[in-house]
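The values are calculated or read from the model by the stated rules, or taken from the named source; none is laboratory data. Quick caveat, the model's predicted, so the values are computed rather than measured. Here the Cβ is made from the backbone with ideal geometry for all residues, glycine too, and neighbour counts use every protein chain on show. Protein only, heavy atoms only, side chains kept; ligands, DNA and RNA dropped before computing areas. Shrake-Rupley method; radii C 1.70, N 1.55, O 1.52, S 1.80 Å.
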Amino acid sequence: MIGLSTAGQALCGPCSGVDLTYTCSQCGHSGDLYQAGRCARCVLNERLTNLLVTDGGTIPPDLDAVRQALCAADRPRSLFSWLDRSKVPRMLVKLAATGEPITHERLDALPVTHATHYARELLVTAGVLPLRDEYLERQPVWVQRLLDAAPDQHRKIAAPFAHWFLLRRLRQAHHQRGGRRVQGGTESILRSRLRRALELMDWLDQQGVSLDKCTQPDLDRWLDEGTSTRQHVRAFIVWARKHQFVGDLKVPLPGRADPVTFIEEDERVEQLRRCVDDEELPLWVRVAGALMLLFGLQGSKVLQLTKDDIVDDGASLALDLNGRRLYLPPKLAHLVRHLRDQAASRWRLDQMADTRTWLMPGQSPARPLRAEYLSLKFRDYGLSGLAGRNTARLALAANLPASVLADLTGTSVDNAVRWTKFAKRDWTEYVAARKRDTQN
Ligand SMILES: [Zn+2]
């Protein structure tokens, strides 16, 4: 057994002091005995050691880091059934057996399965692989697939547009966010922009018109005949004009649609009260809900919060939103402190991940919870995510100048101006009318 007893001693720290009645016969720490007088952590350590050992009888350093990360789990018992079923340990041993270092690229070459995905997450958590934005990495693959399916003459034009404009912009956005994931919408817009460019070229082919001969009336007709997503062709037209693939064409800017989903103000206040007071709700749901319902913050923004975004002097607590401070009322501040401490102690166990301390870490502590999961949980607990956020924004917009609203919610000034304009209308009537519409 490689370093089992020393590693076991070190790793059983968290379970010490829980119960003084039982003591693990292996590591000597008191706590939850699992098998033959040994604690779950010692048993887990032994099983992992047996699984990850190579033919030479040793554990390669990369896999040892994985072993340590898994052994540091909050609840070692929860890993046993996973170990029984998972293909991941075998996969890791196979990867390590070549003697080559394990890299993202080597994982990329494997079939895209759940096990590959999990192995990667585990290696990131263990600090063996650097954190990589998987969403970002997926885009070039997707772009290439779409380009491969296009006719040659379209690909010739669309490929430089995709590589030198779309993907480059996405990488820049990623970089500007310090490696944090760009807003989910950015990627879907990228895809839509490329799709629309290819669709336009297809349509022009059918009309017997080449791209360079496309006139404004042609373009207007194409825009008019489709849904509003055809507006996404604008980026392509601007780019193509600059590179002289098209003449002087323009895609008119759309009037932005008003937000359509709201809840009644009473309902917002009631949901907010539940987030602040209801101890039956998970802590992270309470914090996320309160921030959205009180300040109209975007769910995706809330999920990106880290321990470092919290400014706490013991007396008052603020969130740092892109350099602007948002002070929280005492009850909410208390919840946020609590969540921060929880996240920090979880992070201490997983700090090999060398990653940010997400306030709301996902299943892999290297990443925050997904927005889809947030929506799902909100629905489970009867909270209105987007609609509640909209009502909160509206209430704020009615009372605050646009620039303050922008600061407060971290939205752009343009967007805030739109909200304040919108709030000036008699929106109670508007909300009531929409309610009638949906009831009919
Ligand atoms: Zn033990």
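Points 7 angstrom from Cα along the Cβ direction at ASP224 and ALA398: gap in nanometres?
Between ASP224 and ALA398, the label points sit 4.1 nm apart.
Distance from a point 7 Å along Cα→Cβ of VAL209 to each backbone N in the stretch 219-244: keep the residues under 13 Å and list them by number.
219-225
Using a basic spin-label model with each label point 7 Å from the Cα along Cα→Cβ, how many nm lie between ARG90 and ASP308?
4.1 nm
Counting only heavy atoms of protein chains, what accessible area per residue, in Å², does the stretch 105-232 have with a probe of 1.4 Å?
54 Å²
I'd like the accessible area for GLU137, computed on protein heavy atoms only with a 1.4 Å probe and all protein chains in place. Round to 10 Å², please.
Its accessible surface works out to 80 Å², give or take rounding.
Would you mind checking the stretch 136-152 for residues with the amide N under 12 Å from a putative spin-label position 7 Å along Cα→C-beta of HIS163?
Under cut-off, by backbone N: 144.
Among 392-399, 119-126, how do they line up by average Cβ neighbours within 10 Å per residue, starting with the highest?
119-126, 392-399
Among HIS334, HIS117, what's the order by accessible area (1.4 angstrom probe), most exposed first?
HIS334, HIS117
Compute the Rg/Rh shape ratio of the stretch 4-125: radius of gyration over Kirkwood radius, all on alpha-carbon atoms.
1.01
Please give the solvent-accessible surface of SER210 in Å², to the nearest 10, using a probe radius of 1.4 Å with every protein chain present.
50 Å²
Between ASP277 and LYS242, what FRET efficiency comes out of the Förster formula 1/(1 + (r/R0)^6) with R0 = 56 Å and r the beta carbon distance, rounded to 0.05?
The formula returns an efficiency of 0.50 here.
Can you spot the aspartates and glutamates whose alpha carbon is less than 17 Å from LYS377's alpha carbon? Ignore those fewer than 8 places along the same chain.
Hits, sequence-local ones excluded: ASP278, GLU279, GLU280.
Heads up, I need the accessible area for ASP308: 1.4 angstrom probe, whole protein in place, Å², nearest 10.
Accessible area of ASP308: about 120 Å².
Can you put PHE236, PHE165 in order of accessible area, largest first, using a 1.4 Å probe?
PHE165, PHE236
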